[in-house]
Amino acid sequence: MRTTIMLVLATSLSACAFFGAEHGTAELDSAVARSDRVLRESKTVSSLAAIEKSLDDYVQHEGKIPARLDVLIPKYAAEIPLADPAVSRHAASNDVTYYPSNVIRDGVVDGTRIKDSDGWGYAANDRQIIIFVNCTHTNSHNRPWYREPGTLQWSR
């Protein structure tokens, strides 16, 4: 009888440990996924800042707004970095979609006029340059990606 009680108790403890581990694993997986998303988003925001710095250097030295980002290479930037919005519908990409100046309304990108594709978006007019993540989905701060900072004001 004592052996049977010990066996039942051991089985019960094993089941509790097993189900507890399963619950802990799900929480851990969720935390890892959130951490991965934040890391990927942080890299993208850093890449956006690097492109903005390269654009600013270009404008300061060349005295004009570049028509395309590839003119930054190699003098002002080693490469166009990846944009990775960490959204399942978008792949990490360094492709650039060029938009006409009329996509800029009241100093910001009109999100209804962008293509929501991978990579970067680029628009410029005679007063400003806007480089943005070409994505209308929200980031972990609940802001649309295309609204992340990336605007340079320019005066001749």
Next item on the list: From the list Ser155, Ser117, Ser46, Ser140, pick out the single residue that is at pLDDT below 95 and in contact with a helix residue (DSSP H, G or I) (Cβ under 9 Å, 6 or more places away or on another chain).
Entry: Ser140
Margin query: Of the residues Pro81, Pro85, Pro66, only one is out of contact with any Phe, Trp or Tyr (no Cβ under 8 Å at 6 or more places or on another chain) and not aromatic (Phe, Trp, Tyr); which?
Written below: Pro81
Notebook entry, point to check: Can you tell me which of Gly150, Gly111, Gly107 is surrounded by fewer than 18 Cβ atoms within 10 Å (Cβ to Cβ), in contact (Cβ under 8 Å) with a residue 24 or more places away in the chain and either among the β-branched types (Val, Ile, Thr) or in contact with a Phe, Trp or Tyr (Cβ under 6 Å, 6 or more places away or on another chain) (or both)?
Noted result: Gly111
Note to self: Taking the condition of being part of a helix (DSSP H, G or I) and not hydrophobic (A, V, I, L, M, F, W, C), how many residues in the range 39-94 meet it?
What the structure shows: 17
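The values are calculated or read from the model by the stated rules, or taken from the named source; none is laboratory data. A quick note: this is a predicted structure, and the numbers were derived from the prediction, not measured. Every residue, glycine as well, gets a Cβ built from its backbone with ideal geometry; the counts of neighbours run over all protein chains shown.
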